[in-house]
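Asks: This structure is in structure tokens; I'll ask about it shortly.
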Amino acid sequence: MTMPDTSSRTEPFLPTAVTRLATLDWQHIESDLDIRGMAILPGLLDEGECRLLGGLYARRELFRRHIEMARHGFGHGEYRYFAYPLPRLVAELRAALYARLVPIANRWNLAMRQERRYPRQHVDFLAECHAAGQHRPTPLLLRYHAGDNNCLHQDLYGDLAFPLQAVILLTEPGQEHEGGEFVLSEQRPRRQSRVEVLPLHRGDVAIFASHHRPVQGTRGIYRVKMRHGVSQVRAGQRLAAGLIFHDAE
């Protein structure tokens, strides 16, 4: 099977967010993911990168599908899934983040007694997705206006799913929109759900567990179920990008 060209459409800029990844404290990021199921990479994209990435929303030829959330009961707002080949920044950041996160994903699966292990390179993981019948790209842009929200959910798209994903806030709270906080919920066995609101700013990347994560308890490790969403936007326009590492059926 011929692999899709995920590398680049012609873009008016060179991505620098990918090179910034190497400067981050990945030991601290891994600790946050283990303890809280999430980690924030502050200011990974600069303002120019955020505006250029958000501006792609108007270019319909870059996308394979447009979703209006209200029609499907997902909330209110809309999003668009990119088509292959992905824009350069999206493709390179997706692959670079995967390479940083795959050791954590494999360690989590081992802790949860799951057999699945993920290859070191994202291109090899995509080959596994496509062999399993999951061919459609999942990176997306999301747009919300006043009154919009995104219900708590998981982004799985098929039997083969990577246990971590990322969201990038492209607009600045308090300047371009009000409200629209990113929300995580955690359901532990025989307990009430725990909710955490992430204080993101423009250019911040949130890494979080996409469906389950291991938690150390008094009797050993157990699995907790994670979901995510967006609270109601009170004013303005909120733009975000989502990086999901597996492809869809």
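The values are calculated or read from the model by the stated rules, or taken from the named source; none is laboratory data. In this text, all values refer to a predicted model and were calculated from it rather than measured experimentally. Please note: Cβ atoms are built from the backbone with ideal geometry, for glycine as well, and neighbour counts cover all protein chains shown. Ligands, DNA and RNA are excluded from the accessible area calculation, which covers all protein heavy atoms including side chains. Shrake-Rupley method; radii C 1.70, N 1.55, O 1.52, S 1.80 Å.
Asks: Provide the net charge surrounding A146, with neighbours chosen by a C-beta distance below 10 Å and charges set as Lys +1, Arg +1, Asp -1, Glu -1.
Replies: On the way: positive: R234, R238; negative: D148, E178.
Cβ neighbours under 10 Å give a net charge of 0.
Asks: Still on this model: For the chain, which DSSP H helices look membrane-span-like by this rule: Cα extent along the axis of 30 Å or more and mean Kyte-Doolittle of at least -0.5? Provide the component values of the computation, followed by the final result.
Replies: Details: long enough: 88-111 (34 Å, 0.43).
Going by DSSP H runs, the hits are 88-111.
Asks: Still on this model: Please report the base-10 log of the normalised intensity I(q)/I(0) for region 129-249, using a Debye sum with one equal scatterer per alpha carbon and no solvent, at each q in 0.23 (1/Å).
Replies: -1.27
Asks: If you build the Cα gyration tensor of region 83-158 and take the root of 5 times each eigenvalue, what three semi-axes come out, in whole angstrom, biggest first?
Replies: With the √(5λ) rule applied to region 83-158, the semi-axes are 25, 18, 13 Å.
Asks: Using only the Cα atoms of region 124-169, what semi-axes does the equivalent ellipsoid have when each is the square root of 5 times a gyration tensor eigenvalue? Give whole Å, largest first. Could you put the intermediate results ahead of the total?
Replies: Values: eigenvalues 140, 24, 20 Å².
Output for region 124-169: semi-axes of 26, 11, 10 Å.
Asks: So what is the accessible area of the chain per residue, in Å², with the probe set to 1.4 Å? Don't skip to the answer; put the middle values down first.
Replies: Working: 11710 Å² over 249 residues.
Solvent-accessible surface per residue comes out at 47 Å².
Asks: Using 0.36 nm per residue, how much length does the chain from D25 to H211 gain when fully extended, once their Cα-Cα distance is taken away?
Replies: On the way: separation 186, 0.36 × 186 = 66.96 nm, distance 2.46 nm.
Extra length available between D25 and H211 comes to 64.5 nm.
Asks: Calculate log10 I(q)/I(0) of the chain for q = 0.11, 0.12, 0.17 Å⁻¹, where I(q) comes from the Debye formula with a single equal point scatterer on each Cα and nothing for solvent.
Replies: Those come out to -0.56, -0.67, -1.46, one per q.
Asks: Follow-up. Using the Cα atoms as the points, what is the convex hull volume per residue of region 150-218 in Å³? Show your work: numbers first, answer last.
Replies: Values: hull volume 8.9 nm³, N = 69.
With only Cα atoms used, region 150-218 gives 129 Å³ per residue.
Asks: So what is the 222 nm mean residue ellipticity for the chain from helices alone, if each DSSP H run of at least 4 adds -39500 (n - 2.57) and you divide by all residues, rounding to the nearest 500 deg cm²/dmol? Don't jump to the answer; show the numbers that get you there.
Replies: Values: 6 runs with 62 residues, N = 249.
About -7500 deg cm²/dmol.
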